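Reviewing the structure listed below.
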Amino acid sequence: MITFIIKGLLRDRHRSLFPVIMVTIGVFITVFFQAFMGGILTDMVDSTARFSTGHVKIMSRAYMENEDQLPNDLALTGVDAIMQDLKQKYPDITWVKRIKYGGLLDIPDENGETRSQGAVAGFGVDLHNPKSTEISTLNIANSIVSGRMPDKPGEILISDEMARDLKIALGDKATLISSTMFGSMAIYNFKVVGTIKFGIPMMDRGAMIADISDIQEALNMEDAAGEILGYLPGGVYDDKVCAKIADNFNAGYTDNESGFAPVMSKLQEISGLSDYLALANNMASTIAMIFVIIMSIVLWNAGLLGGLRRYGEVGVRLAIGEHKGHVYSSLLVESVAIGLVGSVIGTGIGLMMAYWMQTKGWDFSNTMKNVNMMIPLVFRARITSVTYYIGFFPGLISTLLGTALAGVGIYKRQTASLFKELET
Amino acid sequence: MKNGQLITITDMVKDYPIGKGYFRALEDINLTIGEGEFAGLVGPSGSGKTTLLNIIGSLDVPSKGDANVLGHSIGQLNARQSAQLRNHHLGFIFQTYNLLPVYNVFENVELPLLLLKMEKNKRYELVNQALDWVGLQDKRKSRPAQLSGGECQRVSIARAMVKQPKIVLADEPTANLDAENSHNILQTMETLNRDLKTTFIFATHDEKVIQYLHRKISLFDGKVAKDEQVKK
C-alpha cells in the first residue's frame, strides 16, 4: 500500500509538488534565519566577551558599580598576586589583566603645539609578553590596517578612522592626556606605530591600544588594573562552569566589606548580556514554534483543497471497503513522505545559504556607523548542531498536523451518501 | 444464509429525519436474492432504488426490520465490520466510473486487493484475470484520461470483480454511456454472472439495462410494487 501511495504522490503534482515546495520554503527560512540570527547574536556575545567582559571578569566592587565611567581610581590593586592565585586555582583558564581608560590624544606639530586632538577610548593590554593571548583574543595582528605591532615601550596602535580624522601618520608622536589612578592629571607621550580596524563601530571610533605596562606607568597604576578577565578553554562560554568559578571566588571575599575587594561576575551578568543570551537560547524554539503554527495552517488549507480534489477518490475507497481510519492513516503517510522530502530539501538549501552567509557575511558597515554596541559590521550566519534539525522536525510536524486537521473531514463523511456523491 | 440466498430483507423500513419529522424512503420491504441472480431495482427517481442498494451494500442501515447480507445483519454491524463486509464480499460499479486518475488501469483494478493485503503474485494473477474478463489487457498501462467512457466502465467492472465478490452492486452503470457501449458493458456483466455465479444487483431506470435483467424488482414510493422473473 505504501508503494501505491508513493506512486500516487509522485504522479500527482498537485498532491506532492505544491506541499513539498511549501514545506521546503518554510524549512529553508527557518534554518537560514536561525543560523543568521544565531550568528549575529553569537558574534555579538563573542565580541563582547573578547573586548569587554571575558567569560568571567574581576573588578573591585566600587569599580563595578561605576564601570561605565572607567573609574581607574577604584581599580584593583595587588593584581599580580590575584593573577598568580587565579592561575594556581584555575590553571585551564586564561587570565588577563586590562586597563580601560579614556582621555584626549593630542598630536603636536613640529613646534610642540597642538596640531590636532581627539577623544580616545583606550585599552592597556599585555602586548609585549610573548606568551600573551591578548593579541589573538582581540585579533589585533589581523586588524592592523597600516604599520606594525607595538614591540617597544611607548608604542601604540590607534584606530584607522581616528588616524584619518586627526591626520596622524605612522611614527607621529601622540600625547595621552588623562587622569592617574590618584586623580591627578596624566600626560604621557607615545609613538604611533600602526593603525587598526576591528570591524566593530564602537571600537573603531577612537581606539588606542597600548601595552599594559605603559598604561600602568602613564596612569600611575603600578600593580593595578581595572579588570582581570578569564577565558574558558576553547573560547566557548559555559554558564554553569563560570557560575561555579564566580561563586567559589566570591565566597573568599564575603567577609571583606571593602569597596576595593575583588568581585567576580560571569558574562551573562555583565552589560545586560543575559537578555541577549536568553534571546539567543529561546530564538531557536520560538522560530520553530512559529513555523509549526504558520505552516500547519497553510498546509491545513492545502490539505482541505486537496481533500476537495480527492473527494471522489476518498469516496470510492470508502465504498469499496477501506476503513475511514485506514484512509486517514494513508493520508498521514503521504504527509510524512511530503514532510520528509520538503524538510530534507529545505534543510539542505538552508544550510547551503547559511554556509554562504557564514563564509561571505553581509556587510552593514554603511548603516552602523553610530552603533554603540559590541556588534560586528559584517553579519555572519553561524551553523551549529541546532541548524541541522531546527527546520527539519517542524517541517515534518507541521505537514503531519496540517494533514491531520484537513483529514478529519473523512470521519464526517456518511457512507450512505456515497452513491449520490459519486454520481456527480 | 440458507438455500443459496445471499440477501434476505424482512419488514425493512428506512426513514430519514427531516426537521422534526422524517421522510420514509423505504417501507415494508421483504426480499430475498439468491446466488447468481442478475436482478434490478427498477423505478422512477425517488422510488428508493439507491437507498435499498445502499443498505444491501452496507453503506446505510435500516431504520426498522432486518437486512441480512451474506449472513450479516446490516443494522448490527459497526463501521469497521461494514467496511470489512464491503471489502471482502461486495463489488461496486458507479455511474461515473470513479477511477483514480493518477493510477493506470492495472493499478485501479489492483486497489481492492491491496486493501485485502493480498501478496503481490496473487494480486497480479487476479488483476490480469479481471482485465482478461473485460478485454482490457492492452490498456493495462493506460490512465483513465486516455480511455473512452466504455473502457472506463469496463475498468470499473474489473475493479468490482477482481476480488471475485459474492455480490456486485451497480448504480445506473450505463447512464453515461452510448447504446453500443451500454450493450457491451451489460453483455460483459451478464457473462461474468453466468460464468462466475456472481450476483449482480442494479439500480436503474434505463431501458437498456432493464432488458438484460433476469429479475426485475419494481419500486414505487419506497415499496416493492412488483417483483418478477424475466424469461430469457
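The values are calculated or read from the model by the stated rules, or taken from the named source; none is laboratory data. Source: prediction; values computed, not measured. Neighbour counts are summed over all protein chains in view; Cβ atoms, including those assigned to glycine, are modelled from backbone coordinates with ideal geometry.
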> Only one of these conditions is not met by B:Leu196: (1) in contact with a Lys or Arg (Cβ under 8 Å, 6 or more places away or on another chain); (2) of a type in the set (A, V, I, L, M); (3) more than 14 Å from chain A (Cβ to nearest Cβ). Which number is it?
Replying inline: (1)
>> Condition check: away from chain B (no Cβ under 14 Å), without any contact (Cβ under 8 Å) to a residue 24 or more places away in the chain and under 30 Å from A:Ile383 (Cα atoms). Does A:Gly350 satisfy that?
In response: no
> Can you pull out the residues in region A:6-15 that are facing another protein chain (nearest Cβ under 10 Å) and part of a helix (DSSP H, G or I)?
Replying inline: A:Lys7, A:Gly8, A:Leu9, A:Leu10, A:Arg11, A:Arg13, A:His14, A:Arg15
> Which residues, counting only those in region B:107-122, are away from chain A (no Cβ under 11 Å) and either in contact with a Gly (Cβ under 7 Å, 6 or more places away or on another chain) or surrounded by 21 or more Cβ atoms within 10 Å (Cβ to Cβ) (or both)?
Replying inline: B:Val109
> Are any residues in region B:86-106 at the interface with chain A (Cβ under 8 Å from one of its Cβ atoms) and over 21 Å from B:Ala170 (Cα atoms), and if so, which ones?
Replying inline: B:Val102, B:Tyr103
>> Any residue that is aliphatic (A, V, I, L, M), surrounded by fewer than 18 Cβ atoms within 10 Å (Cβ to Cβ) and part of a strand (DSSP E or B) - is there at least one of those in region B:13-24?
In response: yes
>> Looking only at region A:74-89, count every residue that is assigned to a helix (DSSP H, G or I) and either in contact with a strand residue (DSSP E or B) (Cβ under 8 Å, 6 or more places away or on another chain) or of a type in the set (Ser, Thr, Tyr) (or both) and tell me the total.
In response: 6
> Given A:Leu340, A:Leu299, A:Leu305, which one is at pLDDT 90 or above and of a type outside the set (Phe, Trp, Tyr)?
Replying inline: A:Leu340
> Does region B:152-171 contain at least one residue that is surrounded by 20 or more Cβ atoms within 10 Å (Cβ to Cβ) and more than 14 Å from chain A (Cβ to nearest Cβ)?
Replying inline: yes
> Does region B:130-151 hold any residues that are crowded, with 24+ Cβ neighbours inside 10 Å and either under 22 Å from A:Arg11 (Cβ atoms) or within 14 Å of chain A (Cβ to nearest Cβ) (or both), and which are they?
Replying inline: B:Ala130
> Only one of these conditions is not met by A:Ile99: (1) crowded, with 16+ Cβ neighbours inside 10 Å; (2) free of Cβ contacts under 8 Å to residues at least 40 places away in the same chain. Which number is it?
Replying inline: (2)
> Looking at region A:126-139, is at least one residue touching a strand residue (DSSP E or B) at 6+ places or on another chain (Cβ under 8 Å), among the small types (Gly, Ala, Ser) and closer than 23 Å to A:Glu217 by Cα?
Replying inline: yes
> Taking A:Asp92, is it in contact with a strand residue (DSSP E or B) (Cβ under 7 Å, 6 or more places away or on another chain) and not in a helix (DSSP H, G or I)?
Replying inline: no
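Hey, among A:Val314, A:Val336, A:Val327, which residue is away from chain B (no Cβ under 14 Å) and either farther than 20 Å from A:Ile21 by Cα or aliphatic (A, V, I, L, M) (or both)?
A:Val336
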> In region A:16-60, which residues are in contact with a His (Cβ under 7 Å, 6 or more places away or on another chain) and outside any helix (DSSP H, G or I)?
Replying inline: none
> Got a number for residues in region A:27-58 being touching a Pro at 6+ places or on another chain (Cβ under 7 Å) and more than 25 Å from A:Thr286 (Cβ to Cβ)?
Replying inline: 1
> For residues in region A:293-311 being away from chain B (no Cβ under 14 Å) and buried (at least 21 other Cβ atoms within 10 Å of the Cβ), which is nearest to the chain's Cα centre (by Cα)?
Replying inline: A:Met295
> Within region A:402-420, can one find any residue that is buried (at least 18 other Cβ atoms within 10 Å of the Cβ), in the same structural domain as A:Arg11 (by TED's automatic domain parsing), outside any helix (DSSP H, G or I) and at pLDDT below 90?
Replying inline: yes
